[in-house]
Amino acid sequence: MWFDDSTSEAWEQGIAPAVRGTGYDPVRIDRKEHVNKIDDEIVAEIRRARFVVADFTQGDDGARGGVYYEAGFAHGLGIPVIFSCRKDALKKVHFDTRQYNHIVWETPADLRDQLAKRIAAVLGDGPNAPPGRVPG
């Protein structure tokens with residue numbers, strides 16, 4: 001996702017709680033402590049990932065090329081990619097990825113709910129799922 005203040009709520013109130021709530025550990029690379037080049041950390045984390053959430057929301061200054069690269073890299077490794085985009089930015093998503101089933105969200109809570117359902121439906125609950133959790 002775009003590492004901009006405008007997307008912080010999407011991470012903090014949407015993506016991270018959805019991933020955690022389905023029993024997986026969310027990782028956002030700009031919040032991970034490391035001493036390496038960030039590109040190397042991104043590639044290493046994608047290689048370790050069970051799945052990748054790629055949010056294609058962008059600002060007025062254009063697409064975030066990194067998210068396209070990272071989603072493609074995960075696809076090439078056979079790692080499932082869950083596509084998402086804020087509703088008002090969906091028309092800006094590049095043609096090459098537009099045909100994928102994006103979670104189209106308006107609020108972080110909307111993103112959280114839809115993402116949790118998608119993770120549960122496509123991947124099932126992770127190893128840290130709360131006991132007695134009803135999937136979806």
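The values are calculated or read from the model by the stated rules, or taken from the named source; none is laboratory data. Please read all numbers here as calculations on a predicted model, not as lab measurements. We place every Cβ from the backbone using ideal geometry, glycine too, and count neighbours over all the protein chains shown. Each accessible area value is taken on the protein alone, full model and side chains, heavy atoms only, with ligands, DNA and RNA left out. Shrake-Rupley method; radii C 1.70, N 1.55, O 1.52, S 1.80 Å.
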- Message: For a quick check: with amide H placed at 1.01 Å from N, whose amide H comes under 5 Å from V53's, ignoring anything fewer than 5 positions away on the same chain?
- Response: I82
- Task: Might you work out the accessible area of R118 for me, using a 1.4 Å probe with all protein chains in place, and round it to the nearest 10 Å²?
- Result: 60
- Message: Students often forget the sequence filter, so: which lysines lie under 30 Å Cα-Cα from K37 once same-chain residues fewer than 8 apart are removed?
- Response: K92
- Which value in Å does the Kirkwood hydrodynamic radius of the stretch 69-132 take, with 1/r averaged over all unlike C-alpha pairs and then inverted? 13.3
- Query: Roughly how big is the stretch 19-85's charge dipole about its Cα centre, with Cβ charges of +1 (Lys, Arg) and -1 (Asp, Glu), in debye to the nearest 20?
  - Reply: 300
- Derived scalar couplings ³J(HN,Hα) [the stretch 97-105; Karplus, 6.51 cos²θ - 1.76 cosθ + 1.60; whole Hz; x for Gly, Pro]: 10, 4, 6, 6, 6, 7, 6, 9, 10
- Mind grabbing the accessible area of I46 for me, 1.4 Å probe, Å², rounded to tens? 10
- Item | Unit charges at the beta carbon, dipole of the stretch 16-135: most positive-side option, I42, L77, I119 | I119
- With all protein chains present, the chain has a carbon and sulfur share of its accessible area (1.4 Å probe) in percent of 50
- Message: What percentages make up the Cα-Cα pair-distance distribution of the chain when the bins are 10 Å wide from 0?
- Response: 12, 44, 37, 7, 0
- Item | the stretch 21-80 - Rg (one decimal) and Dmax (whole number), Cα, Å | 12.3, 35
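Could you compute the longest span of the chain free of GluC sites (Glu not before Pro) located in DSSP loops and having at most 15 other Cβ atoms within 10 Å, not counting the site residues?
The segment 34-105 is the longest one with no such site.
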- Query: Under a 5 Å amide H to amide H cut-off, with H placed in plane at 1.01 Å, what residues pair with W105 once short-range neighbours are removed?
  - Reply: C85, R86, K87
- Hey, can you list the DSSP H helices of the chain whose Cα span along the axis is 18 Å or longer and whose average Kyte-Doolittle score is at least -0.5? 108-122
